[in-house]
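Read-outs: derived from the displayed coordinates by stated rules, not from any lab. In this text, all values refer to a predicted model and were calculated from it rather than measured experimentally. Here the Cβ positions follow ideal geometry from the backbone for every residue, glycine too, while neighbour counts run over all protein chains shown.
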Amino acid sequence: MNILVTGGAGFIGSHICRRLLADGHAVSVIDDFNDYYDPAIKRANVASFGGAARVAGEDIRDCDAVEKLFCEGRFETVVHIAARAGVRPSVLDPQLYINTNITGTHILLAAARRHGVGRFLFASSSSVYGLAKTVPFSENLSLPQTLSPYAATKLAGEQLCGNYSHLFGLRTVCLRFFTVYGPGQRPDLAIHKFTDAIVRGKPIPQFGDGSTRRDYTYIDDIVQGVMGALAYEGPLFDIFNLGENQTISLANLISEIEKALGKKAVIERLPEQQGDMPLTSADITKARALLGYRPTTKIAEGIPKFVAWYLSK
């Protein structure tokens, strides 16, 4: 297949690109290499492709650049990972998130429609569940309220995918990722940030009392789910959770990292942050049945793998 991966220089996107290339697909990447975190990390990710993928250093908000890319690429599938990420930064600059995650997604969907793309995969987020009371979260839950601009933009992206599927017959699959981690994880994310702080003897910022719980998903399992979605032939529009179906508290997560490093953390206790969800928990029954999704790496195994990667850098 000829596949465009947006955000392919980032953590999740680069792992997907390497898998696609290994499976013999033709891969193109669009990524603006912005400074949300060190662009050198993204350039190193791209270098790992060994020149096998075509890389366009463009912004998905640039209509002309996107149109040129689609004209030249003749893509069969789009895997849309690119986004402004992070709940807390979205509270500070919601307009940036709206412009990138909503307008950018619409520009890509419109280009996909014009150029006859057969399949559009959209990377959504567990954050769309907000304060959902039914646990674990299933895809058929009503979603009346999100808790951050980031979450709102992801839910809006899902709705746009549904629009294009209904109006124009574009096959769209939305994948709700539950806190992805593993080798190459972004430095701003909790597991990476905590590991780095413990190694350097710096305090870990713990927001709240440590009782918040997350469903953490190892990157190899996410990639497996994406590959399943690439082969999915169900309804033209569908939504799937990709998580581990297992939660861990913030306090116990820190303990697992301490154990893997053999070093205690210095905890800086801070108030809970606006926009943070108290709990995420994935019901993956649907993905198991329809995508063949079989996550294999639980958090107790994944943390030592991540730490080993971190220490090897």
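Among the GluC sites (Glu not before Pro) in the stretch 249-289, which ones are in a DSSP loop with at most 14 other Cβ atoms within 10 Å of the Cβ? Mind listing them? Can you show the working numbers first?
Details: sites: E256, E258, E268, E272; in loops: E272.
Sparse-neighbourhood loop GluC sites (Glu not before Pro): E272.
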Checklist outcome for this item: Here, R88 and R288, labelled 7 Å along Cα→Cβ, have an inter-label distance in nm of 3.5 nm
Item to check | Among T212, L261, H106 - extreme Cα towards positive end, dipole of the chain, charges at beta-carbon | outcome: L261
Checklist entry - How much net charge surrounds V173 when only the other residues with a Cβ under 15 Å from the Cβ of V173 are counted, with Lys and Arg +1 and Asp and Glu -1? => result 0
Checklist outcome for this item: Taking a ≥ b ≥ c as the square roots of the Cα gyration tensor eigenvalues, with a/c under 1.5 meaning rounded and otherwise prolate when a/b beats b/c or oblate if not, the stretch 85-129 comes out oblate
Item to check | Rounded Å value of the spacing that divides the Cα centres of the stretch 62-112 and the stretch 207-225 | outcome: 25 Å
Checklist entry - What list of ³J(HN,Hα) couplings, whole Hz, do you get for the stretch 79-90 from phi and the Karplus terms 6.51, -1.76, 1.60, once you set θ to phi - 60° and write x for glycine and proline? => result 10, 9, 9, 4, 5, 6, 9, x, 5, 5, x, 5
Next on the checklist: What are the ³J(HN,Hα) couplings of the stretch 133-144, residue after residue, when phi is run through the Karplus curve with 6.51, -1.76, 1.60 and θ = phi - 60°? Round to Hz, x for glycine and proline.
Outcome noted: 8, 8, 10, x, 6, 10, 5, 8, 5, 6, 10, x
Checklist entry - If you find the alpha carbon centre of the stretch 11-33 and of the stretch 167-202, how far apart are they in angstrom? => result 16 Å
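Can you check what the net charge comes to around E76, using other residues whose Cβ is under 13 Å from the Cβ of E76 (Lys, Arg +1; Asp, Glu -1)?
Working: positive: R74, R119, R171; negative: none.
Net local charge, E76 excluded: +3.
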Checklist entry - When averaged across all projection directions, what area in nm² does the alpha-carbon convex hull of the stretch 158-224 cover? => result 6.7 nm²
Checklist entry - Counting only DSSP beta bridges with both residues in the chain, what percent are antiparallel, rounded to the nearest 5? => result 5 percent
Next on the checklist: What distance in nm separates the two pseudo spin-label positions at Y36 and C63, each 7 Å out from Cα along the beta-carbon direction?
Outcome noted: 2.4 nm
Checklist entry - Given 5 Å bins starting at zero, what is the percent of C-alpha pairs of the stretch 64-138 in each, up to the one with the largest pair distance? => result 3, 13, 21, 19, 15, 14, 9, 4, 2, 0
Checklist entry - So if R0 is 35 Å, what FRET efficiency would D196 and L236 give, r being the distance between their Cβ atoms, rounded to the nearest 0.05? => result 0.20
Checklist outcome for this item: Rounded to the nearest Å, the spacing of the alpha-carbon centers of the stretch 131-163 and the stretch 281-313 is 22 Å
Checklist outcome for this item: If each K or R counts +1 and each D or E counts -1, the residues other than I248 whose Cβ falls under 9 Å of its Cβ total 0
Checklist outcome for this item: Sorted on mean Cβ neighbours within 10 Å (highest first), peptides 131-141, 276-286 come out as 276-286, 131-141
Checklist entry - Expressed in nm², what is the orientationally averaged projection area of the convex hull enclosing the Cα positions of the chain? => result 14.8 nm²
